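Since every read-out is calculated from the coordinates, none of them should be taken as a lab result. Owing to the predicted nature of the structure, the values given are computational and were not obtained by experimental measurement. Glycine also receives a Cβ, built like all others from the backbone with ideal geometry; neighbour counts cover every protein chain displayed.
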Amino acid sequence: MESASPPAPEFDAVGIAKSLLRAIRAGALATLDRVGGFPFASLVTVATDHDGSPLLLTSRLSVHTQNLEQDSRASILLAERGKGDPLAHPRLTVVGRAERTSDERVRERFLARHPKARLYAGFGDFSFWRLEMTAGHLNGGFARAKDLTAAEIRTDLTGAEALLAAEASAIEHMNADHREALALYATRLAGAPKAEWRATGLDPEGLDLAAGDRTVRVPFGHRITGPGELRKVLKAMADTARAAPP
């Protein structure tokens with residue numbers, strides 16, 4: 001009798017999914033075609049809300065926007081790119097319902113991630129959308145797949161009101177006065193190449209950085225909820241990065 005296959009190795013499915021959600025700047029958006037009802041896939045740029053919900057900026061002239069106006073159900077595929085077999089790299093699919101929003105927070109978080117979009121974000125036919133996630137599916141590579149609930153993917157914002165209120169000023173301060181530290185976070189903590197790294201957003205679980213078309217996610221060592229905790233964790237991260245080998 002043939003022996004049973006060995007169990008798939010354990011992996012941090014939730015951690016990988018959250019990292020992909022925060023770090024990938026463009027993905028495949030699937031909507032339902034308003035005419036035939038078939039799945040319609042298109043390429044879109046993506047940012048995230050404080051809780052990790054995907055944010056989009058689309059034109060009403062695009063087919064996917066017209067589809068969403070008729071049926072809000074959608075999914076987004078976020079895939080890590082790299083050398084070799086593309087199927088060997090992790091990818092995350094999130095599903096939910098897309099809702100058009102005029103919330104200034106959504107606008108600023110999206111434009112912080114995609115600053116060139118300011119050139120057309122104010123045009124009358126463009127609007128911001130937020131995907132209210134209902135579930136997700138992670139494929140982390142061979143024998144590493146897992147269905148995830150929306151609660152597992154989202155970042156818990158409970159008690160973090162003070163931190164989120166201070167985000168804009170904290171980001172401005174870091175980008176103005178602490179570019180060296182941001183570069184160390186990216187290169188020595190996230191393994192990214194040297195570049196002009198800037199902070200684009202933060203939340204209770206981590207810091208988002210960008211340099212040109214590169215983006216990285218730097219997780220905090222623990223969940224934080226206030227500005228005081230943020231200052232302490234950023235200093236600790238800078239000390240750790242400076243002590244790490246270049």
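What ³J(HN,Hα) values, in whole Hz, does the Karplus curve 6.51 cos²θ - 1.76 cosθ + 1.60 give for segment 47-58 when θ = phi - 60°, with x put for Gly and Pro?
10, 9, 6, 4, 8, x, 4, x, 10, 10, 10, 9
Net charge near ALA186, counting Lys/Arg +1 and Asp/Glu -1 over other residues with Cβ under 9 Å of its Cβ?
+3
In a Gaussian network model over the chain where Cα atoms closer than 10 Å are linked, find which of GLY206, GLY82, GLY15 has the largest mean-square fluctuation.
The residue with the greatest mean-square fluctuation here is GLY82.
For the chain, set up a GNM with springs between Cα atoms under 10 Å and report which of THR93, THR215, THR101 has the largest fluctuation.
Between THR93, THR215, THR101, it is THR101 that shows the largest mean-square fluctuation.
Could you please report the charge total around ASP177, scoring K, R as +1 and D, E as -1 over all other residues with beta-carbon less than 14 angstrom from its beta-carbon?
Charge balance near ASP177 sits at +2.
On alpha carbon coordinates alone, what is the Rg over Rh value for segment 161-243, Rh being the Kirkwood radius?
0.93
Please give the calculated 222 nm ellipticity per residue for the chain, where each DSSP H segment of at least 4 residues contributes -39500 (n - 2.57) and the sum is spread over every residue; nearest 500 deg cm²/dmol?
Mean residue ellipticity, 222 nm, calculated: -8500 deg cm²/dmol.
Give the order of LYS146, LYS18, LYS235, LYS83 when sorted by the count of other beta carbons within 10 angstrom, beginning with the fewest.
LYS83, LYS235, LYS146, LYS18
Which of the lysines could a cross-linker span from LYS194 if the Cα-Cα distance has to be under 22 Å and same-chain partners fewer than 8 positions apart are dropped?
By straight Cα distance, LYS194 reaches LYS83, LYS116, LYS235.
If each residue's Cβ is checked for other Cβ atoms within 10 Å, how do HIS173, HIS50 rank with the fewest at the top?
Sorted ascending by nearby Cβ count, the order is HIS173, HIS50.
Whole number please: convex hull volume per residue, Cα atoms of segment 107-246, in Å³.
In segment 107-246, the Cα hull volume divided by residue count equals 156 Å³.
Can you tell me the length gained on complete extension of the stretch ALA162 to ARG231, counting 0.36 nm per residue apart and subtracting the Cα distance?
The span from ALA162 to ARG231 would gain 23.5 nm if fully extended.
Ordered by residue, what ³J(HN,Hα) values in Hz, to whole numbers, does segment 137-143 give under the Karplus form 6.51 cos²θ - 1.76 cosθ + 1.60, where θ = phi - 60° and Gly and Pro are x?
Result, rounded to whole Hz: 9, 9, 10, x, x, 4, 6.
Please give the contour-minus-distance gain from VAL14 to LYS146: 0.36 nm per residue of separation, less the Cα-Cα distance, rounded to one decimal in nm.
Values: separation 132, 0.36 × 132 = 47.52 nm, distance 0.90 nm.
Computed gain between VAL14 and LYS146 is 46.6 nm.
Taking amide hydrogens as modeled 1.01 Å from N in the peptide plane, which residues meet the under 5 Å criterion relative to GLY141, leaving out close sequence neighbours?
Those qualifying (amide H under 5 Å, at least 5 residues apart or on another chain) are ARG91.
Calculate, in nm to one decimal, what VAL95 and SER59 gain on full extension: separation in residues at 0.36 nm each, minus their alpha carbon distance.
Working: separation 36, 0.36 × 36 = 12.96 nm, distance 2.08 nm.
Additional length available on full extension: 10.9 nm.
Scanning the chain for GluC sites (Glu not before Pro) in DSSP loops with at most 12 other Cβ atoms within 10 Å, what's the longest stretch left with none?
Values: sites that count: GLU2, GLU10, GLU196.
That would be 11-195.
List, in order, the whole-Hz ³J(HN,Hα) value for each residue of segment 179-195 obtained from phi through the Karplus relation with A = 6.51, B = -1.76, C = 1.60 and θ = phi - 60°; use x for Gly and Pro.
5, 5, 5, 4, 5, 5, 4, 5, 7, 9, 9, 9, x, 8, x, 5, 6
May I ask you to list the residues of segment 65-83 whose amide nitrogen lies under 18 Å from a point 7 Å from Cα along the Cα→beta-carbon direction of ARG214?
Once the point is set 7 Å along Cα→Cβ of ARG214, 80-83 turn out to lie under 18 Å by backbone N, inside segment 65-83.
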